[in-house]
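Read-outs: derived from the displayed coordinates by stated rules, not from any lab. Because the structure is a prediction, the values reported are computed rather than measured. Cβ placement follows ideal geometry from the backbone for every residue including glycine, while neighbour counts extend to all protein chains displayed.
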Amino acid sequence: MTIKEVEQLSKMDRANVRFYEREGFITPERLENGYRDYSNDDLQILLRIKLLRSLHFSLEEIKLLISGNKNLTDMLSNQIVKLEQEKKDASYAQDVCRAIQNDRVAFADLDARKYLDEISRATKESGSSYFSVKGDELPQVFHPWRRYLARMLDMSIYNIF
């Protein structure tokens, strides 16, 4: 079957199908003209991947399932525990939002320390990383030679004047 048929049957984008192929999840045969020929097994694997990714399984976990190194029942039990923890964390976040809302404060008057301390305490008790803020930092760029050359250019221009 062609990639267009796989797209229609799986309701996945072509880029996703190709990604899973590059990652080694599926290996379609090549026809004489170089086109990929996807089998029904490839389609079933893609549908299983789509289902598990919808349930927030990682690609590494899915690879372990496909290779047979992990049991689906055990992985589902672990996932249920993770999802329960996420549900508790989201519920706690709702409680904090309601508490802030009930205090009826404006942004300028918000006592962030009070709520951050409560969140920190709850995070320590549960061991969850739900409330950690990641991705808001700029990566440190360290290029000593570039900085040296820029500094020398600045000094040269400064000496001209």
Out of the stretch 28-73, which GluC sites (Glu not before Pro) are coil in DSSP terms and have no more than 12 other C-beta atoms within 10 Å? E32
Projected onto the charge dipole of the stretch 56-161 (+1 at Lys/Arg Cβ, -1 at Asp/Glu Cβ, origin at the Cα centre), which of S156, T123, N71 gives the Cα projection farthest towards the positive end? S156
So which helices of the chain fit the span-like rule, where a helix is a whole DSSP H run, its Cα atoms reach 15 Å or more along the axis, and its mean Kyte-Doolittle is at least -0.5? 40-54, 144-160
Sorted largest first, the Cα spans of the stretch 9-161 on the principal axes come out in Å as 69, 60, 29
Nearby lysines by direct alpha-carbon distance to K4 (threshold 26 angstrom, same-chain neighbours under 8 apart not counted): K50, K63
One-quarter of the Cα convex hull surface for the stretch 49-138, in nm²? 8.5
Given the -39500 (n - 2.57) contribution per DSSP H run of 4+ residues, what per-residue ellipticity at 222 nm results for the chain, rounded to the nearest 500 deg cm²/dmol? -21500 deg cm²/dmol
